[in-house]
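First up is the structure itself, then whatever we jot down about it.
Please treat every number below as a calculation from the coordinates, not as lab data. On a predicted model such as this, the values are computed, not experimentally measured, just so you know. Every residue, glycine among them, receives a Cβ derived from its backbone with ideal geometry; neighbour counts consider all protein chains shown.
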Amino acid sequence: MSLNINWDEIIKKEARGIEDYDLGEVHEIEADTIVTKKGVLDKDKFYLPKNLVEAYDGHKLHFKVTKEEAQTYRRD
């Protein structure tokens, strides 16, 4: 699957999962991973594989991951 996404453009954009699950804001782009941060004081970090990206509408990056699946990519 080839998405024409300018990875530098998605920094500071919202990240959403299936059923509009909030994955926070994109903070870093690594080789095969997108790092998002969610929360104000106690930030959850998600390290989501790029191959889970489903779409980018210019404002939000959409992942094909459920709330439960997202927890496997969460780190402190």
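For this structure, a couple of remarks:
- Around K50: net Lys/Arg minus Asp/Glu count, Cβ-Cβ under 15 Å: -4
- Annotation for region 1-39 versus region 47-76: alpha-carbon center distance of 7 Å.
- For the pair D32 and D20 in one chain, pulling the backbone fully straight at 0.36 nm per residue adds 2.1 nm over the alpha carbon distance.
- Phi-derived couplings, Karplus 6.51 cos²θ - 1.76 cosθ + 1.60 at θ = phi - 60°, listed residue by residue for region 24-30: x, 10, 5, 10, 9, 10, 10 Hz, with x used for Gly and Pro.
- With contacts taken as Cα pairs under 8 Å and at least 6 residues apart, region 29-76 reaches a relative contact order of 33 percent.
- Theoretical ellipticity at 222 nm over the chain - DSSP helices of four or more residues, -39500 (n - 2.57) apiece, nearest 500: -500 deg cm²/dmol
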